[in-house]
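Throughout, read-outs are computed from the coordinates displayed, never taken from laboratory work. Everything quoted here is computed from the prediction, not taken from an experiment. Methodologically, a virtual Cβ is constructed for each residue, glycine included, from the backbone with ideal geometry; neighbour enumeration extends over all protein chains shown.
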Amino acid sequence: MEIYGSEKKVELPFVMGVLADLSGKPLEPLPSVADRKLLDIDIDNFDERMKAMKPRVAFAVKNTLTGEGQLMVDITFESLNDFSPDEIAKKVDSLSQLLDARTQLANLQTYMDGKAGAEELVMKLLKDKSLLATLASAPKTKQSAADAPQ
């Protein structure tokens, strides 16, 4: 670049335009390409732009949890964090239940750490199938739900 007769190096910012349909399988039809506007996307507004774009996937996979039929997956992403395995599991019902059970077991393990008497009681419970079935079928009370480790 020449300024007042002398050449000067100027660093220009890198600007890139991307024209793509990144919405996956949208629930609502997208506007035509001519009606769309260019949007600035940066680290500060990425999640906001993603939430507005509503990228979605919908498909069926073999149900390896029960071995029967297909498992329907329908996920709409609202942030980059939604692509993490835990967040994906939370959005698929059967996986969400397993993740919740895993979290509760991890909380129980932390709660029982170092409580030898409680560990023995749980081992006895696990070995006695009739007692385990009785406890599993017993209705939960508000008090027992409040006392359970979170």
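Results, tabulated for the structure shown:
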quantity	calculated
Given [x] 108; [y] 219; [z] 263, the label whose value is volume of the Cα convex hull per residue in Å³ derived from this model	[z]
Over region 92-136, volume per residue of the alpha carbon convex hull, in Å³	75
Set of aspartates and glutamates near LYS124 by C-alpha distance (under 20 Å), chain-local residues within fewer than 8 positions excluded	ASP113
Gained length - ALA60 relative to ASN107, 0.36 nm times residue gap less alpha-carbon distance	13.7 nm
Relative contact order (%) - region 1-77, alpha-carbon pairs under 8 angstrom, separation at least six	24
Hull volume in cubic angstrom per residue (convex hull over the Cα atoms of region 1-77)	165
Out-of-range pairs (alpha-carbon distance over 26 Å; input LYS91/LYS129; LYS37/LYS91; LYS25/LYS51)	LYS91/LYS129; LYS37/LYS91
Nearest-0.05 FRET efficiency for ARG49 and GLU28, computed from C-beta distance (R0 22 Å)	0.85
Value at 222 nm in deg cm²/dmol, rounded to 500, when DSSP H runs of n ≥ 4 in the chain each add -39,500 (n - 2.57)	-12500 deg cm²/dmol
Rounded FRET efficiency, nearest 0.05, which uses the C-beta distance separating PHE14 from LEU39 and R0 of 22 Å	0.85
Trypsin sites (Lys or Arg not before Pro) restricted to DSSP loop in region 44-150 with at most 16 other C-beta within 10 Å	LYS115, LYS140
Residue-span extension gain [ALA89 to SER130] - 0.36 nm each, minus C-alpha spacing	11.5 nm
